[in-house]
Amino acid sequence: MEQIKDKKVPMRMCVSCRQMMPKSSLLRIVHTPEGDLKIDFKGKQNGRGAYICDSEACVNKAIKGRIFNRVFGVEVSQEIYDYIKDEYSNNRR
Ligand SMILES: [Zn+2]
């Protein structure tokens, strides 16, 4: 992936690999007011967001390391991690 250096491009940190990346190349994971985690493909979901690279390596690492527990400071169930993983693979093609 090409690194964009333009200062006008909003940068966010991937919670998995901790690299700063252009926001547009990251996936937004939202902790909704209902307590779910979702991949916010449209960037419009309400709730606290975290960013992660749109890469299988980073998504899998986040799921294996249960990174979202730490990021959001909540206990995230295994079902939710499985759901995120499915959502991610279903939207990758
Ligand atoms: Zn990453």
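Quick rundown of the values:
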{"item": "Qualifying position, being in contact with a Phe, Trp or Tyr (Cβ under 7 Å, 6 or more places away or on another chain), surrounded by 12 or more Cβ atoms within 10 Å (Cβ to Cβ) and not in a helix (DSSP H, G or I), among Ile39, Ile63", "result": "Ile39"}
{"item": "Among residues of the stretch 16-36, those that are touching a Phe, Trp or Tyr at 6+ places or on another chain (Cβ under 8 Å) and touching a residue at least 40 places away in the same chain (Cβ under 8 Å), counted", "result": "3"}
{"item": "Filter result for Ile84 (touching a residue at least 40 places away in the same chain (Cβ under 8 Å) and touching a helix residue (DSSP H, G or I) at 6+ places or on another chain (Cβ under 7 Å))", "result": "yes"}
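Values in this text are rule-based calculations from the coordinates and carry no lab data. The shown structure was predicted, so the numbers you read here are calculated from the model rather than taken from an experiment. Cβ coordinates were reconstructed from backbone atoms using ideal geometry, including for glycine residues, and neighbour counts include every protein chain displayed.
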